[in-house]
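Derivation of every value follows stated rules applied to the coordinates shown; laboratory data play no part. This structure is a prediction, so every number in the text was calculated from the model and none was measured.
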Amino acid sequence: MRTNIGDRAVDLPASLDGIRASLSEELREEFDREIGSALITDVPFIAARWSLPREARDEDEAMLQQLRNGDFSGFTGLDEPFPAGAGE
């Protein structure tokens, strides 16, 4: 699997074993606890989140915190047109 993070393409692990192997020991234990106690219907979502490198998860968390703080700058609503160059 491959995604873009920032301006670079990144290969992602495509299996639970691959995700585990990509994590530090401390994060591996956290992943094991989360995936082991998850409802089976949630496993794909949890795996997708954990397959991302730490920097991508940190970026996502920063954006969520920005929204929680009520700062919507840089975001567009579903009814607004995309900014020039977005999605290219």
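What is the angle, in °, between the Cα long axis of helix 25-37 and the longest principal axis of the Cα atoms in the chain? Nearest 10 is fine, range 0 to 90.
The helix 25-37 is inclined about 90 degrees to the chain.
Would you indicate which of (i) 15.2, 50; (ii) 15.7, 44; (iii) 13.5, 47 is the value of Rg and Dmax of the Cα atoms in Å derived from the coordinates of this structure?
Answer by label: (ii).
Mind checking which of Glu55, Glu34, Glu26 has the largest fluctuation in a GNM of the chain, springs on alpha carbons under 10 Å?
Greatest mean-square fluctuation among the candidates belongs to Glu26.
Report the relative contact order of the chain, percent, no decimals, based on alpha-carbon pairs under 8 angstrom and at least 6 residues apart.
On the way: 36 pairs, mean separation 16.9, N = 88.
Once normalised by length, the contact order is 19 percent.
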